[in-house]
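To start, the structure itself, in structure tokens.
We did not get these values from a lab; they are worked out from the coordinates using the rules stated. From a predicted model like this one, the values you see are computed outputs, not experimental measurements. Note: ideal-geometry Cβ built from the backbone for every residue, glycine included; neighbour counts use all protein chains shown.
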């Protein structure tokens, strides 16, 4: 996420944090570097100027706290101002109290609007709500089909209009009545997109908004489009009075200009961000956490939340009890651990949330997403007895396993060696005896190692 911007900011922040003196000259030098980085990232020029002015005033007009260095104080000021530029704090979705809540999703074609509707439905269902998807994009048949497919995949009711020739306001009215009759509590309306903003499109959206009185009018914007995303948001906000924004494709090669500019220019908060193609890749937007990632400070809170949401707690507890009580683990347990890790997302996305892990370090880590699948295939090619008793796996068995999963004997040997290293490490730490020895769990073991 914003790799290039993050790497450049990291370099600047390192130099700033090493400052032993803060005066007009050193502050000016630091701000020139930050200005260049932000403008190269396509951040709105006016916002950059306001940001630099605010940082300069605070950096030159404040006494340095004795417990921190002048450079650290400067970094804190930059952090606070960037957080403010992004909106200051997260903004929750708004629901109607005791009645049906209606969310309108708007956006241009290609922004990821329909996929975002599916992601949001999954999220709401996981939170205990009862959502319904409404296919209101009657001009693109593939959109209706796509939404219906997502609904079936998520096991979420989807309202598909029988007659696409009817006015959209009539379709949405029918959808609301259907949702109420089914005892549902949230309706997600996937409105029509266009290749570009036009008068007819806006008028239709205005009519739909009047007809359904939504609690949320969310604009889905492609985060990779830079300042164009800001212009699109301004145009939609003028007509619809948006309540929130959803920035998509932030896992791609986005420069960061849209995210850093869109709130400051429009005043509309970013509520959600799309961080991947999977239906679980939709996150609440936290400005402070985003800045922490940009400045290579990590985001442990998001990592913990992701683990709590995605990790199977019962399976994790079963594995822990087995390791502690029986004093050992087998390849079945190893496979379970790998699958739990997979649920957290790509290893790269997890490492990005850890403080101090820079973009350069990630580039040198040689993390291959398909490695998980290869390891899984090797273990699944073993017999249940072999998984339970790895010492049985001799040369001939290794050849059979390699043939069965389409990998080389060397790959099988590598997995078995890694498994042996993991068991040895856990014994040294006292995990198999119920005591905690020295060391950090996971250090020295990398399932992605060559």
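Between residue 89 and residue 39, take the C-beta separation as r, use R0 = 35 Å, and let me know the FRET efficiency to the nearest 0.05. Numbers along the way, then the final one.
Values: r = 26 Å, r/R0 = 0.75.
Efficiency, rounded to the nearest 0.05: 0.85.
Distance between the C-alpha centers of segment 151-186 and segment 387-405? Whole Å please.
Comparing the Cα centres of segment 151-186 and segment 387-405, I get a distance of 53 Å.
Applying 1/(1 + (r/R0)^6) with R0 = 30 Å to the Cβ-Cβ distance of residue 53 and residue 203, what FRET efficiency is obtained, to the nearest 0.05?
0.15
Taking neighbour counts of Cβ atoms within 10 Å as a proxy for exposure, in what order, fewest first, do 134, 75 appear?
Exposure proxy ranking, most exposed first: 75, 134.
Please order 243, 337 by the number of other Cβ within 10 Å, starting at the fewest.
337, 243
Can you give the extra length, in nm with one decimal, that the chain gains between residue 72 and residue 164 once fully stretched, where that is 0.36 nm per residue apart less the Cα-Cα distance?
27.1 nm
What does the highest-first list of 391-398, 113-120 look like by mean Cβ count within 10 Å?
Working: 391-398: 12.2, 113-120: 24.8.
Listed from highest to lowest mean packing, they are 113-120, 391-398.
Quick check: the distance between the Cα centres of segment 77-111 and segment 43-57, to the nearest angstrom?
Value for the Cα centre distance between the two parts: 23 Å.
Rank these for me by crowding, 104, 224, going from fewest to most other beta carbons within 10 Å.
In order of increasing Cβ crowding within 10 Å: 224, 104.
Once you have the Cα-Cα distance between residue 377 and residue 228, take 0.36 nm times their residue separation minus that, and quote the gain in nm to one decimal. Don't jump to the answer; show the numbers that get you there.
On the way: separation 149, 0.36 × 149 = 53.64 nm, distance 4.42 nm.
In short, 49.2 nm is gained.
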